[in-house]
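First up is the structure itself, then whatever we jot down about it.
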Amino acid sequence: MADVAVLDVLLHGEPIGTLTNVGGDRTIFAFNDAYIDNPDRPTLGLGFKDEFGTLLTDFRPYQKRVMPFFSNLLPEGHLRSYLAQKAKINEEREFYLLWALGHDLPGAITIRPADGETWPPDLDDGGDDDRNDNYGHRENALRFSLAGVQLKFSAVQEASGGLTIPASGVGGSWIVKLPSREYAGVPENEFSMMRLADLIGMNVPTIDLVDIASIGNIPDGVDKIGEKAFVIKRFDRLDDGTSVHIEDFAQIYGVYAEDKYKNASMRNIAQVLAAEGNDADIIEFIRRLTFNALIGNGDMHLKNWSLIYPDRRNVSLAPAYDFVSTISYIPGDQHALNISRSKAFADFNEDELSHVAAKAALPEKFVLDTARETVALFHQHWRAEKSNLPMSEDMRAAIEAHLKTVPIA
Ligand SMILES: Nc1ncnc2c1ncn2[C@@H]1O[C@H](COP(=O)(O)OP(=O)(O)O)[C@@H](O)[C@H]1O
Ligand SMILES: [Mg+2]
């Protein structure tokens, strides 16, 4: 088996670089000259620019893992194990995972082998490299990748309105998130929180809560737990099949997924939005920050914030996703990242927001007015909807109790 293999990296369907396995499980990324020389090149990520906006082109090799930007395109946890097992690939060998799953990745990136081999070599098969057998037992493998931990699939909407998961997992414009093994009622929780965010006026994609039994073609080997799945329209896929580019803040900061609770604060995200986004992005960011403090969501880590590139070059804050009230599962939970100086929900007050505003050079009044307005809208919609949303009694009570402890509420 040849040791060197090259994967082409495409952005909006055009090759822009290569990821090369130089042997010994070391990989290195390089941009193509044509991409480097193109003054109108579409943006791959903010982390590929230096402080003057110049494209970075010199990358070091990485051992076993691929560089964080590409590693972050792959799932974590149970979803990664599941997909890797189906594809018969060691889940730690990210180069081969990208090879197998690169057809359908987050955003407008696709990755494919340069020499046309559709499947990576069967590395974990005790040296038995019989190609035919190899293709045979991978026939039913799924070939998509969605980031995150929760078991999820992309799905297509049938003419009848129902959702079906394509056999290869590729091509859907909806994401179906299945119930969690660890925590009860996560789909209902996420649906309720996302619905509230929508009512308050945040940028929320179309969502639904559906009977799992109504979803066609759920791949086998998936735990049969719970009754409902949370469904959300993908904002990185348009109805005509084209992809819109996105990246998450772990990619922007060049940190691996396991460091998503470290290395940066909410204030740092605000600083990026202040430099690269517009006023609407700042308002949206402050609303989401405030809202997630109110519902007690301790999971707004670097991978739960993304940027979107609607015109392929300039960024805006991507729509909201993954809003879950975690305090009902983890009493005493705190923010996933420091707001500015503190992670504690009990420290989420106007002084902390003023500190964010000062450090990110945002007008203080604008930030505080936005937060106050969000609190007022929250109370209005929470009062009206708390009995109608499909939350458990425990969850409702946990949020009510939590609200008494958040100063800004
Ligand atoms: N509506 C959406 N459109 C496009 N991408 C999404 C959408 N929702 C989530 N994602 C992407 O999928 C990843 C996983 O989704 P998320 O809801 O965060 O799941 P998890 O609960 O597993 O973290 C996100 O990090 C984001 O990259
Ligand atoms: Mg997430």
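So here's what we get for this one:
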read-out	value
Given (1) within 16 Å of ligand 1 (Cβ to nearest atom); (2) among the β-branched types (Val, Ile, Thr); (3) out of contact with any Gly (no Cβ under 9 Å at 6 or more places or on another chain), number of the condition Thr326 does not satisfy	(3)
Residue list for the stretch 376-388, filter: of a type outside the set (Asp, Glu) and surrounded by fewer than 19 Cβ atoms within 10 Å (Cβ to Cβ)	Ala376, Leu377, His379, Gln380, His381, Arg383, Ala384, Lys386, Ser387, Asn388
Meets criteria (within 19 Å of the chain's Cα centre (by Cα), among the aliphatic types (A, V, I, L, M) and within 16 Å of ligand 2 (Cβ to nearest atom)) for Ala270	no
Candidates Leu74, Leu98, Leu10, Leu19, filtered to the one that is of a type in the set (A, V, I, L, M), touching a residue at least 40 places away in the same chain (Cβ under 8 Å) and within 16 Å of ligand 2 (Cβ to nearest atom)	Leu74
Hits in the stretch 238-266 (condition: among the charged types (D, E, K, R) and surrounded by fewer than 21 Cβ atoms within 10 Å (Cβ to Cβ))	Asp239, Asp240, Glu258, Asp259, Lys262
Candidates Glu284, Glu276 - the one that is open to solvent by less than 30 Å² (accessible area, probe 1.4 Å) and of a type in the set (D, E, K, R)	Glu284
Tally of residues being open to solvent by 20 Å² or more (accessible area, probe 1.4 Å) and either within 11 Å of ligand 2 (Cβ to nearest atom) or at positive phi (or both) across the stretch 290-334	5
Only listed residue being at pLDDT 95 or above and either within 13 Å of ligand 1 (Cβ to nearest atom) or not hydroxyl-bearing (Ser, Thr, Tyr) (or both), chosen from Val170, Val156	Val156
In the stretch 239-262, residue farthest from Asp50 (Cα to Cα) [restricted to those that are within 12 Å of ligand 1 (Cβ to nearest atom) and in a loop (DSSP other than H, G, I, E, B)]	Val244
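The values are calculated or read from the model by the stated rules, or taken from the named source; none is laboratory data. Quantities reported herein were computed from a predicted structural model and do not represent experimental measurements. Reconstructed Cβ throughout: ideal geometry from the backbone, glycine too, with neighbour counts over all protein chains shown. What goes into the accessible areas is simple: the full protein's heavy atoms, side chains included, and nothing from ligands, DNA or RNA. Shrake-Rupley method; radii C 1.70, N 1.55, O 1.52, S 1.80 Å.
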